[in-house]
Amino acid sequence: MIKIVLLRHGESVWNRKNLFTGWTDVDLTQRGVLEAKDAGKKLLQAGFNFDIAYASYLKRAKRTMRLALREINQKNLVKLFDWRLNERHYGDLQGLNKSEMAEKFGEKQVHIWRRSYGVRPPEISKKNKYNQANDKMYAQIPVPSSESLKDVVIRVKNFWQEKIVPQLKENKKILIVASGNSLRALIKYLDGVSAQEITKLNIPTGVPLIYELDNDLKPRRHYYLASRKELKERVERNKIKITNNKKQD
């Protein structure tokens, strides 16, 4: 039985503020820190240990990874970082409030930008202070100006085939810490989820998701390390508010 663990980072500062985050490098909230530690405790209790841990370039994923590994006494584990695990790039929406954008452009349009499979948000302008095109962290990396979920699937699929498959074939035990949309993209690829259905999938912050694979690295089943009640509460907490009257999508 081959297992791999996927983990969405803990709640970020901009999750809490209801802002489009994308590639903007924001940190965890205190709740996010506790979620990351709790993820590590769950992994420890379930008997998990790892050979390699991957995270995106974003500090919210890196910090979640480090906090979780500390809880299972693996803080010195080999840690690798790959930009292809970054959150979906939200273009010129990065840094903007979802509720305010819904008032300006309508809930339907904001929902299309957020949850459609092939539609990209408006491209980020060169003057936008949240444009990562000149960020030294991404030197030699093709920083997008905007991405659809379809775009993210392509880069995450390449990451999986290039980095993960060879390691799994060597029986390496792997943890992947990333963001909501990059994990959603990976799940679409692994499970062959339709473009329509994948947009409905909500991945809770800070809850380990275990995939069991066969010898051909095809998924047999997956499950969260959380009770149904806890999982439901976490998903509800993570739902995005796109109106000022607190209505949730």
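The values are calculated or read from the model by the stated rules, or taken from the named source; none is laboratory data. Just so it is clear, the structure is predicted and the values come from calculations on it, not from any experiment. Here the Cβ is made from the backbone with ideal geometry for all residues, glycine too, and neighbour counts use every protein chain on show.
Do you know which residues across region 164-185 are over 20 Å from G91 (Cβ atoms) and out of contact with any strand residue (DSSP E or B) (no Cβ under 7 Å at 6 or more places or on another chain)? Of everything in region 164-185, those that are over 20 Å from G91 (Cβ atoms) and out of contact with any strand residue (DSSP E or B) (no Cβ under 7 Å at 6 or more places or on another chain) turn out to be V165, P166, K169, E170, N171, K173.
In region 80-118, which residue that is small (G, A, S) and farther than 18 Å from N18 by Cβ is surrounded by the most Cβ atoms within 10 Å (Cβ to Cβ)? Step by step, filter region 80-118, then rank; the result is S116. Scanning region 3-29 for residues that are surrounded by 22 or more Cβ atoms within 10 Å (Cβ to Cβ), without any contact (Cβ under 8 Å) to a residue 40 or more places away in the chain and in a helix (DSSP H, G or I) returns no hits. Among the residues examined, N245 does not qualify as touching a Ser or Thr at 6+ places or on another chain (Cβ under 7 Å) and modelled with pLDDT under 95.
Pairs are defined by a Cβ separation below 7 Å, a sequence spacing of at least 6 or placement on different chains, a first member in region 95-122 that is in contact (Cβ under 8 Å) with a residue 24 or more places away in the chain, and a second member that is assigned to a helix (DSSP H, G or I) and of a type in the set (K, R); the pairs so defined are V110/K98; Y117/K150; G118/K150. Which residue is surrounded by the most Cβ atoms within 10 Å (Cβ to Cβ), if the candidates are limited to region 40-79 and must be among the hydroxyl-bearing types (S, T, Y) and not in a loop (DSSP other than H, G, I, E, B)? So, considering only residues that are among the hydroxyl-bearing types (S, T, Y) and not in a loop (DSSP other than H, G, I, E, B), the one surrounded by the most Cβ atoms within 10 Å (Cβ to Cβ) is T64.
Number of residues in region 192-227 that are in a loop (DSSP other than H, G, I, E, B), in contact (Cβ under 8 Å) with a residue 12 or more places away in the chain and within 24 Å of L44 (Cβ to Cβ) equals 8.
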